[in-house]
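First comes the structure, then the notes that go with it.
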Amino acid sequence: MHPSLIDFDQTPFVAIWETTRACNLACRHCRAEAISNPLPGELATREGFRLLEDLAAMGTPICVLSGGDPAKRSDLCHLVCHGSRLGMRMATIPAATPLLTRSLVKRLKDAGLAQMALSLDGPTAEIHDTFRGVPGAFNITLQGARYAGEVELPLQINTTFSAYNWEHFEAMAELVRQLEVVFWEVFFLVPMGRGSQLGQMTAQQFEILFAKLASFAHSVDFIVKATEAPHYRRYLIQHHNQSADSTLSVRPPGSLSHHLPPHMTRDFGPGGSIGLAPKGVNSGNGHLFIDYQGDIYPSGFLPVSCGNVRRDSIAQVYRFHPIFRELRTPDLLKGKCGICEFRRICGGSRARAFAMTGDYLEEEPFCLYEPKHHSSLD
């Protein structure tokens, strides 16, 4: 199915499966608060196959196998192969540990992996390794990037910005430029898990990074995407229209491409993904997350369990659970998000709203924009 035909009320654009919480790193921002050994209750291989089959039956085009460290699972290549044979574009995010070998990268490529993501959160070993909690992670990440190039596996870099490292954006962007990536996914920190102990950027700093992201994206031939910052879409629309000396006019999501140049119309699901989405992806709205023991969430950053794949139909949960349906209803949003003329193409980070207020319908806590008027965009 072509992405433009996907109905987000029925089908997620991207599904993230947290295959394990086992990981040998101790990242300062870790959503999962991962530990070194697998926890009891992980979905077994056969259960994982069934999950992938259910996702494919929904028409889900993209599935990301995350963690923890998915390389901790001995069946990782089998899972990739199964999902790929079902017609989904499969991606995974191995951690920068000694498990990230050239042999593993080659086996993942041979299994049908469409894209491998590696996390890089600083332009130097000192900055990155401090963030990741293990010396040597920076060098292993760069080595993993070289392995991807050697076996011709498309490479994605994931970077999480917070008050800790946001001032290093230019150096980080230049490093990514040199790594021959096809995709740079820039995460804006959601304060949950270990990340709740990190300093938050201000709304003004978000806008500064938006400007830098937009400028950088215009200068490269790979995809640059902001995750957990849907108001980046609002920023792009405003500034593209301003630069064209046109009056701001907001059209329905399907018309977004009329406002933005091609490099700005790409949008992807939170948590890492590949492909082109027809409109903004947000928690529960084009996005679905399954944790290591099968619990179903709107997003890995929005830890509100809505069911479990061992007892519930994942399609029924995504399509009909009240929380998912609320998250797909912009008119339910509160505060300034609820009256914002951009709410149907932005909607604010529902995960950050929940982390900061306990209410996933509250306004985006770090958005500088003040709505000019109430508009239904009907």
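Observations on the model:
- Gain in span if fully extended, GLU53 to LYS212, counting 0.36 nm per residue against the direct Cα distance: 53.2 nm
- For PHE187, distant residues with modelled amide H under 5 Å away: THR159, THR160, PHE161, THR227
- Its relative contact order, with pairs defined as Cα atoms under 8 Å and 6+ residues apart, puts the stretch 68-148 at 31 percent.
- Amide hydrogen neighbours beyond the local backbone of GLY294, cut-off 5 Å, H modeled: LEU43
- Phi-based couplings in Hz for the stretch 297-302 (Karplus 6.51, -1.76, 1.60; Gly and Pro marked x): 10, x, 6, x, 8, 10
- Residues whose placed amide H lies under 5 Å from that of ILE223, excluding near-sequence neighbours: PHE183, TRP184
- Centre-to-centre separation between the Cα atoms of the stretch 102-159 and those of the stretch 171-194: 12 Å.
- Distance between the stretch 200-226 and the stretch 278-355 - C-alpha centres, whole angstrom: 24
- Cross-link table LYS212/LYS372; LYS334/LYS372; LYS225/LYS279; LYS225/LYS334; LYS212/LYS334, entries beyond 20 Å C-alpha to C-alpha: LYS212/LYS372; LYS225/LYS334; LYS212/LYS334
Throughout, read-outs are computed from the coordinates displayed, never taken from laboratory work. The structure presented is a predicted model; accordingly, all values stated were derived computationally and were not measured.
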